[in-house]
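Student: Take this structure, written in structure tokens, and hold onto it; I'll ask about it next.
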Amino acid sequence: MKRPLALLAFLLLAAATAVGCGSGTDENLAVAKPASSPEGVKLRVGVQKDGVRSILEKSGQLEDLPYDISFATFAFGPPLVEAAGADKIDVAGVGSTPPIFGAAADADFRAIATIQYRNLQDDGILVPKDSDISSPEQLKGKTIAVAKGSSAHGLLLQLLHRIGLKPTDVKLNYLAPADGLAAFSSGQVDAWSVWHPYIEQAQADGAKQIAGGPPDEHGHSFEIASSKAVADPKRAAALKDYVARLKKAFAWGAKHPDEWAAAWSDESGLPLAITKAAVRERLSDIVPIDQKTIDNQQALADRLATDKVLPDSITFKDIVTQGLAEGGN
């Protein structure tokens, strides 16, 4: 059934105010067929305020590229999914929830690799330093800022369900990250569900984290790609090479966190103290999308449907393409 593109239009409107146990993998998943060489390709990479470009540059992974590369910066995940679906970018990293919203809106993209955070945490729920809220159960009746369709949105819904609250038991204030930080810092909201490095920015002013990580999230994000790029053998070859380079860059970052932090600070303008703290929360591995991850994503998609955030659930494995990420850490 064709699902409304209005879902992504809503998310793009929100973004505009601002400027993420089973074994084996389903053998029926789509598999990309890259060419032997990506020569002549210009790979368009979407990034966030996430340090990806700086870690690629500092680790040397942008040297001797067999293709050209360009970067474009976006506020958060949903606009990246929309851009990939419209073939305006070839590849980007996004959180756990944006691909589900994209699939529900029939965006033309594929999930091609898992970004697995080593601490199993992507997001956190924060309260101000002078707040009397010390546990998630005390969020009932409170106003919470969150970027609609983001990984932090997924975390929040999963958390509310686990502690016996409905989304209607709180007031959700849908704000893109920059606006969320402003509302949180000025006391306009009682709590904020967000990701790194915004967590560290708020904590620098005394914010306290009261939730995040398992069992409400599984600490994985995704590399997504334009379906047209995946289907083009030469662009697919560039995607495969880029994912391999990103994997090596993250491995380098785990061994050189302070160097990554300095480069990220230079790139973003964030204080070095912020990026030093954020880097240690962002240590990651790039791996193929396995069945356990698909199952976790399916549970999240079902939660979004049950909570009426989406009109109905999607089948996550239908947007997965294998063959562009190598196994192992």
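The numbers here are math on the coordinates, done by the rules we state, and not lab data. It should be emphasised that the depicted structure is a prediction, and the values quoted were computed from it without experimental measurement. Positions of Cβ are generated from backbone atoms using ideal geometry, with glycine treated the same way; all protein chains shown enter the neighbour counts.
Student: If you scan the range 300-319, which residues turn out to be among the hydrophobic types (A, V, I, L, M, F, W, C) and over 17 Å from the mean Cα position of the chain (by Cα)?
Tutor: Ala305, Val309, Leu310, Ile314
Student: A further question on this structure: Filter the range 143-198 for residues that are under 30 Å from Trp260 (Cβ atoms), surrounded by fewer than 24 Cβ atoms within 10 Å (Cβ to Cβ) and among the polar types (S, T, N, Q) and give the result.
Tutor: The answer is Gln158, Ser185.
Student: A follow-up question, please. Looking only at residues that are within 17 Å of Ala249 (Cα to Cα) and of a type in the set (Gly, Ala, Ser) in the range 71-106, which one is surrounded by the most Cβ atoms within 10 Å (Cβ to Cβ)?
Tutor: Step by step, filter the range 71-106, then rank; the result is Ala92.
Student: Continuing with this model, one more query. Hey, can you tell me all the residues within the range 190-215 that are in contact with a Leu (Cβ under 8 Å, 6 or more places away or on another chain) and in a loop (DSSP other than H, G, I, E, B)?
Tutor: Across the range 190-215, the qualifying residues are Asp190, Pro197, Ala207, Gly212, Gly213, Pro214.
Student: Would you check which residues across the range 219-262 are closer than 15 Å to Lys42 by Cβ and either of a type outside the set (A, V, I, L, M) or within 19 Å of the chain's Cα centre (by Cα) (or both) and list them?
Tutor: Hits for the range 219-262 are Ala225, Ser226, Lys228, Asp232, Lys234, Arg235, Leu239, Asp241, Tyr242.
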